[in-house]
Amino acid sequence: MSEQTEHPEQTVPGGSGDSSVTGEERPEARLERAVRAAEQALIEFEIAVETFRVEVENFSRLHHQKLGPMYTRLDELDALIAEAKAARTGDAEDLRRARDARSLVMPMPGVDELFHDWLGSEGISDDAAAMLTDRPVRPPERVRPSEEVRRLYRELVRQAHPDLAQEEGERERRDAFIARVNAAYGRGDEGLLRELAEEWAAGPVPEASAPGESDELYARLEWLARRKELLALVAKELEESAIGSMLRMAPDDPDRLLEEIAEQLLAQVSEREAQLAAELAAE
């Protein structure tokens, strides 16, 4: 009898029965690679959503800070024009429109609102003192963080994202760290982001996790898919909001968009003032 017949359990080198020789991957290995790719894709998506959220918040704040008084002035002029016309005509419909226009005018802020962010534990702020003494006031912060801040933020999130943790304790540590990263990014604080990068590099490095079983990997993929769906809803709400829609009009230069809107509002204020002057002259 031949050697091959006497030892049927042996395989011919290169045969289909030896996966280590053929180089075939275990199904779990391919599945784990798919999970890792999905994790990285989710992190990149979260970075994009968080970046846009910060830009929307900053744009909203600057929009209110720079353009709020102009909107208030326009509402006041509309009310004055309607009231002047109602006083001239005495028409019931004109009187109703005047009341409606006046109801839209924002009331004067109270003392607490007026001095909000002006007073702190050390007294009046530098900006408030500058406004009261006619000294130059520092310009508002830019709508979006600098490119270097954005780069530092992306690198930190890619390294420390909680979704990369397998143990609950490690996830909690990453959650707390990323919360600090997000806060620094929202302020555009490049120095703090660099300090956080050094802190993360010096911190404990979790042990690499062994490949999980197929059921665990499939469950992980399902969780990642659900997480992406939730993020997609957040992104959609941001994009469809009033500020988000405005910001998408000039994604590369939102600061210039604020200037253009301000110019348009100033032109509208001038038109309303001329209209009010004409209405008062007609009385």
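Enumerate the pairs (first residue in region 259-271 and over 9 Å from L67 (Cα atoms) and open to solvent by less than 60 Å² (accessible area, probe 1.4 Å); second residue anywhere and hydroxyl-bearing (S, T, Y) and not in a helix (DSSP H, G or I)) with beta-carbon separation below 8 Å, excluding pairs fewer than 6 apart on the same chain, so at least 6 apart or on different chains.
From residues that are over 9 Å from L67 (Cα atoms) and open to solvent by less than 60 Å² (accessible area, probe 1.4 Å), there are no pairs.
When the residues of region 190-206 are narrowed to those that are open to solvent by less than 70 Å² (accessible area, probe 1.4 Å) and part of a helix (DSSP H, G or I), which ends up farthest from I43 (Cα to Cα)? Explain how you work it out, then say what you get.
If we filter region 190-206 for residues that are open to solvent by less than 70 Å² (accessible area, probe 1.4 Å), which is where we start, we get 190-193, 196-197, 200, 203, 206.
Those still in the list that are part of a helix (DSSP H, G or I) too: 190-193, 196-197, 200.
Values: E190: 21, G191: 23, L192: 22, L193: 18, L196: 18, A197: 17, W200: 17 Å.
Per the criteria, the residue is G191.
Could you list, ordered by first residue, the pairs with Cβ atoms under 7 Å in which the first is in region 29-48 and farther than 16 Å from Q166 by Cβ and the second is outside any helix (DSSP H, G or I), at least 6 apart or interchain?
A29/P211
Which of the numbered conditions does V105 fail, given that it passes all the others? Conditions: (1) assigned to a loop (DSSP other than H, G, I, E, B); (2) at pLDDT below 80; (3) not hydroxyl-bearing (S, T, Y).
With respect to (1) assigned to a loop (DSSP other than H, G, I, E, B); (2) at pLDDT below 80; (3) not hydroxyl-bearing (S, T, Y), V105 is out only on (2).
Can you name the number of the only condition in (1) open to solvent by 70 Å² or more (accessible area, probe 1.4 Å); (2) within 30 Å of R144 (Cβ to Cβ); (3) at pLDDT 85 or above that R187 fails?
R187 satisfies every listed condition except (3).
Which condition breaks for L193 when tested against (1) more than 30 Å from R220 (Cβ to Cβ); (2) at pLDDT 90 or above?
Condition (1) is where L193 drops out.
Test of understanding: among T11, T5, which residue is open to solvent by 60 Å² or more (accessible area, probe 1.4 Å), part of a helix (DSSP H, G or I) and modelled with pLDDT under 85?
Values: T11 fails: part of a helix (DSSP H, G or I).
Only one candidate passes the filter, namely T5.
Can you confirm whether region 223-246 contains a residue that is at pLDDT 85 or above, surrounded by fewer than 16 Cβ atoms within 10 Å (Cβ to Cβ) and not in a helix (DSSP H, G or I)?
yes
Kindly list, by first and then second residue, each pair from a residue in region 213-242 that is among the acidic types (D, E) to a residue that is open to solvent by 60 Å² or more (accessible area, probe 1.4 Å), limited to pairs with Cβ atoms under 8 Å and residues at least 6 apart or on different chains.
E239/R248
Quick one: which of T89, T22 is at pLDDT below 85 and more than 21 Å from the chain's Cα centre (by Cα)? Steps first, please.
Working: T89 fails: at pLDDT below 85.
Answer to the check: T22.
The values are calculated or read from the model by the stated rules, or taken from the named source; none is laboratory data. The shown structure was predicted, so the numbers you read here are calculated from the model rather than taken from an experiment. Don't worry about glycine lacking a Cβ; one is built from the backbone with ideal geometry, like all the others, and counts go over all protein chains shown. SASA here: full protein model, heavy atoms, side chains in, ligands and nucleic acids out. Shrake-Rupley method; radii C 1.70, N 1.55, O 1.52, S 1.80 Å.
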